[in-house]
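The values are calculated or read from the model by the stated rules, or taken from the named source; none is laboratory data. All values derive from a computational prediction rather than experimental measurement. All Cβ positions, glycine included, derive from the backbone under ideal geometry; neighbour counts span all protein chains shown. The accessibility values were calculated without ligands, DNA or RNA, using every heavy atom of the protein model including side chains. Shrake-Rupley method; radii C 1.70, N 1.55, O 1.52, S 1.80 Å.
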Amino acid sequence: MNAKNQIQRQETLRQKLHTRGSQLTSQRAAVYDYLSGVKHHPTAEEVFLAVKPKLPRISLATVYKNLETLVKCGAVSKLAYGDASARYDIRTDHHYHTRCLGCGKIWDLDVQEGSELLSHIRPQAGFEVKDYRLELLGYCRECRR
Ligand code: ZN
Ligand code: MN
C-alpha cells in the first residue's frame, strides 16, 4: 500500500471513529493496519501478538477494547462462532467465507453466485428472509498435512 492510500484510509478511519465519539490513536491505527494487511481474519490474541513488537506497552485487554471500538464505529466486522474466539474482518460489505475446522482460521471467499443461489432456495411459508451467509467448511492446506 502506498503512502497516499494509507493517509486516505487513516482519514476515513478517523471520521468513522469520530461519529462514535472516539479518537484515532496510534494503537487503533496499528490494529487497523494489521487487519488491513492480513489475508485471514485474526483473533484478538493474534492481533495482540502482531502489534506488540511495535507497541510494547499494549495489553491483550487493550487490543480487545480497540477492536470492539473499531467494530462499533463500523470500520471492522466481528465474526463470532459459538464458544470459539471471535475473529475480526476488515471488510464490512456482504461477502462469504471459508473456515478451517482444524485451526479455525477464516478467509474471504470470492464468488459472484451467492445471490443467484439464494433465488433457488425456498424457506418455509411465512418466513421472511433478511440476510444470508454462505460459508465453506473444511481443512486448510496447513491442516491437511
Ligand atoms: Zn487450518
Ligand atoms: Mn471476510
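Given the pairs Lys16/Lys78; Lys39/Lys105; Lys4/Lys65; Lys16/Lys72, which span a C-alpha to C-alpha distance of over 18 angstrom in this model? Walk me through the numbers before you get to the answer.
Values: Lys16/Lys78 16 Å; Lys39/Lys105 10 Å; Lys4/Lys65 28 Å; Lys16/Lys72 9 Å.
Pairs exceeding the cut-off: Lys4/Lys65.
For the chain, list the cysteines whose Cβ sits under 4.7 Å from no other cysteine Cβ?
When partners are defined as cysteine Cβ atoms under 4.7 Å apart, the chain leaves Cys73, Cys103, Cys143 without one.
Suppose we look only past 21 Å in the calculated P(r) of the chain. What percent of the Cα-Cα pairs does that tail hold? Intermediate values should be presented prior to the final figure.
Details: 5492 of 10440 pairs.
Taking all Cα-Cα pairs of the chain, the fraction more than 21 Å apart is 53 percent.
With just the Cα atoms defining each centre, how far is the stretch 70-87 from the stretch 1-46? Give it in Å.
Spelled out, the Cα-based centre of one part sits 15 Å from the other.
Please compute the per residue accessible area over the stretch 26-84 with all protein chains in place, 1.4 Å probe, rounded to a whole number of Å².
Numbers: 3100 Å² over 59 residues.
Computed with neighbouring chains in place, this is 53 Å² per residue.
Could you tell me which of Leu136, Leu55, Ile7 has its Cα farthest along the dipole of the chain towards the positive end, charges placed at Cβ (Lys, Arg +1; Asp, Glu -1), taken about the Cα centre?
Working it through, the farthest residue towards the positive pole turns out to be Leu55.
Heavy atoms only, probe 1.4 Å: what % of the accessible area of the stretch 6-145 goes to carbon and sulfur, would you let me know? Walk me through the numbers on the way to the answer.
Working: 4770 of 9420 Å².
So the carbon and sulfur contribution to the accessible surface is 51 percent.
By how many degrees, between 0 and 90 and to the nearest 10, does the Cα long axis of helix 3-19 differ from the longest principal axis of the chain?
Long axis of 3-19 versus the principal axis of the chain: about 80 degrees.
When N is the residue count of the stretch 3-89, what does its C-alpha Rg come to as a fraction of 2.2 N^0.38 Å?
Numbers: Rg = 12.4 Å, N = 87, 2.2 N^0.38 = 12.0 Å.
It is 1.03.
Taking the alpha carbon gyration tensor of the stretch 96-144, what are the square roots of 5 times its eigenvalues, largest first, to the nearest whole Å? Let's see the in-between values first.
Details: eigenvalues 155, 28, 14 Å².
Output for the stretch 96-144: semi-axes of 28, 12, 8 Å.
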